[in-house]
Amino acid sequence: MTADDTEVLEVAGRKVRITSPGKVLFPARGETKLDLARYYLAVAEPLMAAMGGRPVLLQRFPKGSGGPSFFQKRVAPTATDPWVTTTVVSTPNGTTSNALVAVDLAHVLWAVNLGCLGFHVWPVTAADPGHTDELRIDLDPGPGVTFAMIQEAAAEAKGLLDGLGVVGHPKTTGNRGIHVYVRLQPRWDGYEVRSAAVAVARELERRRPDLITAAWWKEERGARVFVDFNQNAPHKTVFGAWSVRANPHGQVSTPFAWAELESIAPAELTLATVPSRVAEHGDPWAAMSSRRQSLEPLLELHRRDMASGLMDAPWPPVYPKMPGEPPRVQPSRARRPISTEAD
């Protein structure tokens, strides 16, 4: 360690400075900023296979996992690190910014030095921003939903995908949910991918209405697993695979094999345990990068729903009103039609 309390790591042909390397970021076991950097070094290969070349949104915690945070949308190279690579991304309202690109592990560690405890990853590559090449099925636990219910919903999602000839790849969210990723051929835009995600959510609800819901409004969900189709809306990011969450134990959003679904325990998957898991078992998503699939089987579900008279599902409030979208008002607040007939 140098006199100014900086550790210099040589990675991907770059020298990356980790300032205040002994700063505790995760209080449960006292893990430091340098420990976090070493975690990413240990999982470098699967990490870069999952998010290499993609724009990332940084969630920064300058005072560690227990402190305040903010999202950094705009990144710029500095005189010290002129190699930092960015790409232009846009928000739903058209505002643009320069986002960090996860070109290599040096870029990841550069963000770690800023106190990044969470990489939120775009479903596009910087080289081809017009085509969304990942569909992400987000199984979201609301009030009253247990992780056992999430596991059961994930099994239903696998069954649906299997029946359509589509391969999904699961991961924990680093919290209480599960994401299932489908790597796509770069042929469709974000609007088409979201349409497919809406159809998946609705089909899962039809199959298991007792367990799963596609209801956008919380008041309609009950204690059921919500399939959050709007995580696939254009310009949306999702918490990245192998990324460490800002909780006291440093829980990791961890890819796993379907055979592990019944036994997977998210709380046990931390920056302290995941490196040995990868060393022993390898990358459960290893085949995903070479398995680029067609969206057509899922779009066929969407076309079927539209032909049956269904409208689009509601969009998040930050998006402009979309064609075919129902009124953007929760059911309990919707006005009742006024009768024009005499009593």
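The values are calculated or read from the model by the stated rules, or taken from the named source; none is laboratory data. Quick caveat, the model's predicted, so the values are computed rather than measured. No Cβ is skipped: glycine too gets one built from the backbone with ideal geometry, and neighbour counts run over all protein chains shown. To get the accessible areas, we keep the full protein, side chains included, count just its heavy atoms, and leave off ligands, DNA and RNA. Shrake-Rupley method; radii C 1.70, N 1.55, O 1.52, S 1.80 Å.
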Which condition breaks for residue 111 when tested against (1) part of a loop (DSSP other than H, G, I, E, B); (2) closer than 28 Å to residue 131 by Cα; (3) touching a residue at least 24 places away in the same chain (Cβ under 8 Å)?
(1)
Matching residues in the stretch 9-32 - criterion: being open to solvent by less than 70 Å² (accessible area, probe 1.4 Å) and either in a strand (DSSP E or B) or within 14 Å of residue 66 (Cβ to Cβ) (or both):
9, 11, 16, 18, 19, 25, 26, 28, 30, 31, 32
Checked the stretch 209-238 for anything touching a His at 6+ places or on another chain (Cβ under 7 Å) and either open to solvent by 50 Å² or more (accessible area, probe 1.4 Å) or in a loop (DSSP other than H, G, I, E, B) (or both); matches are 237
Suppose the filter is within 20 Å of residue 48 (Cα to Cα), at pLDDT 95 or above and open to solvent by 10 Å² or more (accessible area, probe 1.4 Å); does residue 105 pass it?
yes
So is residue 84 assigned to a loop (DSSP other than H, G, I, E, B), open to solvent by less than 20 Å² (accessible area, probe 1.4 Å) and within 30 Å of residue 9 (Cα to Cα) or not?
yes
Could you say whether any residue in the stretch 48-66 is in a strand (DSSP E or B), modelled with pLDDT of 95 or more and open to solvent by 40 Å² or more (accessible area, probe 1.4 Å)?
yes
Are any of the residues in the stretch 287-308 within 22 Å of the chain's Cα centre (by Cα), of a type in the set (A, V, I, L, M), modelled with pLDDT of 95 or more and open to solvent by 70 Å² or more (accessible area, probe 1.4 Å)?
no
Consider the stretch 196-227. How many of its residues are more than 23 Å from residue 242 (Cα to Cα), touching a residue at least 24 places away in the same chain (Cβ under 8 Å) and out of contact with any Phe, Trp or Tyr (no Cβ under 9 Å at 6 or more places or on another chain)?
13
Of all residues in the stretch 133-182, how many are of a type in the set (Lys, Arg) and crowded, with 21+ Cβ neighbours inside 10 Å?
2
Looking at (1) among the hydrophobic types (A, V, I, L, M, F, W, C); (2) in a helix (DSSP H, G or I); (3) open to solvent by less than 50 Å² (accessible area, probe 1.4 Å), which is the one condition that is false for residue 241?
(2)
Restricting attention to the stretch 244-277, report how many residues are open to solvent by 20 Å² or more (accessible area, probe 1.4 Å) and aliphatic (A, V, I, L, M).
6
Take residue 94 and decide whether it is in contact with a Pro (Cβ under 9 Å, 6 or more places away or on another chain), open to solvent by 20 Å² or more (accessible area, probe 1.4 Å) and part of a loop (DSSP other than H, G, I, E, B).
no
